[in-house]
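Sending over a structure as structure tokens; questions will come in a sec.
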């Protein structure tokens, strides 16, 4: 045990409860050894008062011979010297002897005990076998002595007399007897403890309650309670002992606090005495009697009391194996003492407390080191490091106080101070005189010289730092490092200082503590300036100049440092590159035009917004951005690429961490930048694969633990920033950057087509370059090249054929420069002539659609070509002009197919077709234009729409013929129609007499106009008429000059009336009128009007059976409206002789089914072609049968329609007729006549039919 | 009462820091920053022992001669640090606890503000008021 080697001064023996022994001393001496050995062997349970937990206790005792002086006198409160138990030993077995001497001695002993009020006694009677034997014959029963003693002394407490049998024999009986004796002794001892300590505690409490009384003294009370602590310590109850000291500690602390609150206790006066001695804690003795005496005398100072109290607590804690609590309490104590002295306003020599704290720290650490092994110490650094750091701190302030830190060394004043401080340390304590490394020696040595101080201070600092590192309190370690750096700076060693500062700075930056960052950086700047590390210093200065935590004055100072350097005229090698981020931030980049895509040679402006962080405006000699140029791959098909090109954002905002305040940029990390990639096969451009790529993996995947903080713009050391020379640069000279946002406009090079990427930005201020090594996110613009392009489009939709229409020519010049004299050559076409106009002007506009110029076009037309000379136009401009063209409405006449255009191309006939979107017939008109920039002609198509639909029909009245033309306006425009004319081309004798009255007619949109002509002829009516309908038209409300002709050609065939059909309905015989339900006669009279012409003979079939030339006709009576019932034969065949006026009459019986004016039944006459008729081509027989049958089925009325349809496109209708005729088959068939060939006189005639009876029955249905 | 009150983000950068004698601001910044060492130590020690059923109040982080530094950590690892003058002996542990609770409540209010961007420095006037109240009380 510690205390054994340390030798307590108060008692030479170790403290044990005192037990007195009276009676037979020789007997006791005989038994003493085994008694002392066996008493502590077994623990006893000690039940405590005041609800304290019972404890198992190993009892020991200090057996001393009984003397009356040992008994405490009244008022003596000493507990340590208190005899807790009194034993009377006797081995008397002889009644006589007992009666004569022993009893008397015993009662004397009892009396003296009673006088002192001690009730803790026991009488031990030792019995041995020899004594038994010796007295066997003449003695009383062996128990009689014990009984006697019991009756004499223990009147009520029989247990106060114990028998010990054969103590020196090794028998079970003896052992049993020993055990019971020991148990008894232990029990009695404990009872005594409980009783006596309880009484003592009560007294002590009473004393404590008196603490408000004027005469009360803390020191006295201290001694009393410490007595109790001693007893507990004696009983090995260190916990309880510690509680006593803690109570004293708390009590004292409370008094000091009360003093602070104005409640002064008298006794506290002694503690307020000026501190004269600061020799630190002394923990090497269990009890520091010097200090204890001082306390007892009431002369102790506050530091003495605290020191003594702590040394006791320390001792007990170490007994309790709680060394780490010692360190913790020590730190608290030291802080507390400093505070208490301050609170009590005790006058202390400056630095004295530092000495005291320093010594105390080291003393505690030594004490702990003394009782722990190295491994334990290392594992519990966290408990000791506080003391190390505190000691370091104190030594540093002592060094500063004594002038040991400055590089000049201490002044005489400093030396005087040192002497005073050393005087207060007193002499070294005897315990440590011989040790080499005592705290006392250390302090003395450290204060003796600058070198020694440095050695000790560094040793302590490094020890503290290493310990902090070991327990990974990096921040604390760095703070110690910083303080070390300050020391080095004082010593004029900036190099070492910088290393520590940089490390600290790194941690502040990475955790975003702006104020420490600023402060540390300022210190670093100082280091770097001293070290002459220009580049680093400038970098740091730049950071500081932009630091908002500094005052404007300071910022200006640092800014000036940079500017001063920059303006130094040095050689080029002296140039310094710094990171741009410290000087200015690129916040925004804006392209104008915003598409960031221009054609080659165009002007592209780039506007940078730079936030200048400097406190003053700075003139920049040059601001340059380097550009990386990528040639555009895959040719320069300007237009195609332009459409597909990914549009670059016109404005790029760069995000910066707001300022040095706020979270560090590493906190969030960069956001993902994703892009789509497509892999297309090179041959057919089909998609092979597609995916998403992260464009900034290098930023995201970067290891965060090691490198991320240093990459922030706050970084400590300047990056290796180098400006890469690129071929192309954006440059601006002489810019004044004001604090805050500045806008700088560059003109970007746009010579070659391709992609330009802005890579770096560099601002040059004299010798200093501020470089932004990567512009991120990447900024690109594109320059493209475009082929010239000509388009023609209608000025207004739709283009109407037949009228002059304006079309717009648009020429995008692309990369081509239109020179003076360049002309567009338009091949003329007859179907669409270009109308010359007086003033045709061209507008030239640039890409931004701003009008640049306007000039008159000169248009020259030759027979084949119209040449338009263009005004000179710069590249990438738009040239626009309008031309009037006229698309001639095709009238249907045939043209030679082999006609060729001037350029040798086969002329494409404008083909008309019906357009699905409009009722108008559309014509695609092709244009072929030769352009000066290409050897190939440009082919363009315009779609025109014919505003009219024209129909014609042949009408007959007997032999007289009429032609009707219907013009339908299908456009949305109203027209005026004038000079309607119909002419026949082949037959001059033919006269077409107009039956139209108006010369001009309004033809509204979606309406029709009908015109009628009577055909008159002199000799013979030709069977085929080639007619041309012509009219002039103009949009409504325009003058006569605007009239345009409109032609419509058509052909009429088989015009002549061959047969006339007359029908007569005859009432039944004897009746005047027909009656419904009665048969009537229908007489059909078919008359041949003309002899068949030459051409007809070939067509018509003839039968030469009886030598007479006849034509077979078929007639048929059909009533579609069910007015008539045909009775008997309804159809039949007649053979008409081939002579004029040959008549054939047919009688048919019909019956009217209703009364009233009934229309005549329909009579159809058809050509009958016998099977013998010559057949030209044997073609598909089935279809022919179908044809004939379908014709048969058709009512005669429809014939007119069929004809009109057939003749619409005259050419084709003729063709189809021929075809039909050629399709003759070897079967008799019927063929209808053309509409004009048969004239039905009784068409639409009516006959009155009377009802069958006169019964007038009216059926009325009421519902 | 308190001489310095700081709120520190999970990532250990200051969200709010205010100290009463403004000329000592820098010193308090250093003190609070250094105290994070102990906060982290305590969090990891407590985390191992009790899981999520932990006490938010970390107690005295470390005493210095002049100041006592107390710590508190929310479940989202936001740290509160209160620095008290050592000479101010009237302050009990319970009062420190209640100060932290008040601070936490006010902080929660700040976080509930939909216009507040978590992670940004606290600029709430209400929070400022609460902090001022704690600092002014005894002067």
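For the pair residue A:212/residue B:111, report the inter-label distance in nm, with labels modelled 7 Å from Cα in the Cβ direction.
4.8 nm
I'd like the mean, over residues of A:1142-1153, of how many other protein chain beta carbons sit within 10 Å of each residue's own Cβ.
Details: counts 0, 0, 0, 0, 0, 0, 0, 0, 0, 0, 0, 0.
Other-chain Cβ atoms within 10 Å of each residue's Cβ, averaged: 0.
So, one more: Say each of residue A:431 and residue A:277 gets a label point 7 Å from the Cα, pointing the same way as Cα to Cβ; how far apart are those two points in nm?
1.4 nm
Report, in whole Å, the centroid distance computed from the Cα atoms of segment A:789-859 and segment A:438-462.
Each part reduced to its Cα centre gives a spacing of 100 Å.
If you count, for each residue, the other Cβ atoms within 10 Å and average over each peptide, how do A:1120-1127, A:321-328 line up from highest to lowest?
Highest to lowest by the protection proxy: A:321-328, A:1120-1127.
Starting from the Cα coordinates of segment A:167-297, work out the convex hull volume and express it per residue in Å³.
About 151 Å³ per residue, rounded to a whole number.
Can you bin every Cα-Cα distance in segment A:410-548 into 5 Å intervals starting at zero and give me the percent of pairs per bin, rounded to whole numbers?
2, 9, 14, 16, 15, 13, 11, 9, 6, 4, 1, 1, 0
Evaluate the relative contact order of segment A:934-1048 (contact order divided by residue number), counting alpha-carbon pairs under 8 angstrom at least 6 apart; express in whole percent. Numbers along the way, then the final one.
Working: 217 pairs, mean separation 31.7, N = 115.
The value is 28 percent.
Just rank B:33, A:456, fewest to most, by other beta-carbon atoms within 10 angstrom.
Ranked by crowding around the Cβ, least crowded first: A:456, B:33.
While we're looking at this one, here's another question. With just the Cα atoms of segment A:232-324, tell me how far they stretch along each of the three principal axes, in Å, largest first.
Extents along the principal axes: 39, 26, 25 Å.
Follow-up question, since we're still on this one. How many Å³ per residue does the convex hull of the Cα positions in segment A:947-1053 occupy? If you can, show how the numbers build up before the last one.
Numbers: hull volume 10.3 nm³, N = 107.
Output value, Cα hull per residue: 96 Å³.
For a quick protection proxy, order the peptides A:1022-1029, A:1046-1053, A:352-359 by their average other-Cβ count within 10 Å, most packed first.
Details: A:1022-1029: 18.8, A:1046-1053: 21.1, A:352-359: 25.1.
In decreasing order of mean packing, A:1022-1029, A:1046-1053, A:352-359 become A:352-359, A:1046-1053, A:1022-1029.
To check my understanding: the extent here is largest minus smallest coordinate of the Cα atoms along each principal axis. What are those three numbers for segment A:805-890, in Å, largest first?
42, 22, 22
Counting other beta carbons within 10 Å of each residue's own, what order do A:1245, A:205, A:759 fall into, fewest first? Each step should come with its number before you reach the end.
On the way: A:1245 15, A:205 11, A:759 19.
Lowest count first: A:205, A:1245, A:759.
Sorting A:310, A:1154 on the 10 Å Cβ count, fewest up front, what's the list?
Result, fewest neighbours first: A:1154, A:310.
Can I ask one more? Quick one: Cα convex hull volume of chain B, Å³ per residue?
So the per-residue Cα hull volume is 107 Å³.
Let me ask another. Jot down the radius of gyration and Dmax of segment A:516-638, Cα atoms only, both in angstrom.
Taking only Cα atoms of segment A:516-638, I get Rg and Dmax of 19.6, 63 Å.
Please compute, for peptide B:26-37, the average count of beta-carbon atoms on other protein chains lying within 10 Å of each residue's beta-carbon.
6
So what's the projected area for segment A:266-470, the Cα convex hull averaged over all directions, in nm²?
11.7 nm²
For segment A:70-123, what log10 I(q)/I(0) values come out of the Debye formula at q = 0.18, 0.22, 0.25, 0.30 1/Å, with one point per alpha carbon and no solvent?
Reported log10 I(q)/I(0), two decimals: -0.65, -0.84, -0.98, -1.21.
Quick check: from the Cα gyration tensor, does segment A:473-571 come out rounded (a/c under 1.5), prolate or oblate? Could you put the intermediate results ahead of the total?
Numbers: a/c = 2.36, a/b = 1.46, b/c = 1.61.
Verdict is oblate for segment A:473-571.
Something else now. Enter the mean number of other protein chain beta carbons within 10 Å of the beta carbon of each residue in A:509-518, as an integer.
Average neighbour count from other chains, rounded to a whole number: 5.
All of the numbers you see were taken from the coordinates with simple rules; none came from a lab. Just so it is clear, the model here is predicted, and its values are computed rather than measured. Virtual Cβ from ideal backbone geometry, glycine too; neighbours counted across all protein chains shown.
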